[in-house]
1. Put one equal scatterer on each alpha carbon of segment 90-218, apply the Debye formula with no solvent term, and list log10 I(q)/I(0) at q = 0.14, 0.16 1/Å to two decimals.
2. Considering only protein heavy atoms, what per residue accessible area in square angstrom results for the chain with a 1.4 angstrom probe?
3. Could you tell me the relative contact order of the chain? Use alpha-carbon pairs under 8 Å, at least six residues apart, and round to a whole percent.
4. Separation between the HIS47 and HIS134 pseudo-spin-labels, each 7 Å from Cα along Cα→Cβ, expressed in nm?
5. Describe numerically, in nm with one decimal, the distance between label points set 7 Å from Cα along Cα→Cβ at ILE175 and at GLU187.
6. Which residues in segment 52-66 place their backbone N less than 17 Å from a point set 7 Å from the Cα of GLN26 along the Cα-to-Cβ direction?
7. Using label points projected 7 Å from each Cα along Cα→Cβ, tell me how many nm separate ARG69 and LYS151, to one decimal.
8. Once segment 55-118 is represented by equal point scatterers at the alpha-carbon sites, with solvent omitted, what log10 I(q)/I(0) does the Debye formula produce at q = 0.21, 0.29 Å⁻¹?
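The values are calculated or read from the model by the stated rules, or taken from the named source; none is laboratory data. Fair warning: this is a prediction, and the values are worked out from it, not measured in the lab. Cβ placement follows ideal geometry from the backbone for every residue including glycine, while neighbour counts extend to all protein chains displayed. With ligands, DNA and RNA removed, areas are computed over all heavy atoms of the protein, side chains included. Shrake-Rupley method; radii C 1.70, N 1.55, O 1.52, S 1.80 Å.
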Amino acid sequence: MAEMELIGIFGGTFNPIHNGHLVLAQTVLDTLHCTQIRFIPAAVPPHKETPAVTAQHRAAMVQLAIQDRPQFVLDTCELDRQGTSYTIETLHLLRHRFPNQALCLIMGQDSYQKLPTWRRWLELLDYCQILVVHRADREKTLLLHPEHEGKLIDIAAAPEAFATQANGLISFLPITPPDISSTRIREQISHNRNTVITEIPPQVFSYIQQNRLYQRID
């Protein structure tokens, strides 16, 4: 079966984006030979509190972080529409925008296990493939939802498989990303705004300082 272009879909609050996000995206890009990875900041995340830092600031930080990587693209589709940022609605939009490409939704293992709490989660594979990334250095049981049985493939053996059809497949990818937390970064900046944070790109750190983001109000 002929291969088609494969586009990675990487959503999140990116509050802020950090080097761990970039390593993960690059690993997926290299492993699956994606045409691009689209970073999609959530405007109103359904499973988290809406960040105090605006979606516009978070999107600006993503753009700064990826500006030197032409295969990484900022997509503001969730910022451009009203209401909660439901993934199924984003995928519906992207499927119309990219009708002849395979879409690969990237998510962490914790998110995958909570998938039944997502809006219309059983429809996700109608629009995309799902790639579940998990930490290779942690012993955890990878539980497949019964609804996804028969759709699991081994991309370690055949990484090109995701590009042979537009949607409907799921796989797991072990990675060892840097141990970086957006929460920890925000706390470090809040407690000492002059601390140099090396876990985020320098241009992102400069943006945070210039706009006085994550700083404690005394």
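1. -0.81, -0.91
2. Working: 11000 Å² over 218 residues.
Each residue of the chain exposes 50 Å² on average to a 1.4 Å probe.
3. 25
4. Placing both labels 7 Å beyond Cα along the Cβ direction yields 1.5 nm.
5. If labels sit at ILE175 and GLU187, their model points lie 2.4 nm apart.
6. Hits in segment 52-66 for GLN26 at 17 Å: 62-66.
7. Placing both labels 7 Å beyond Cα along the Cβ direction yields 2.7 nm.
8. -1.17, -1.21
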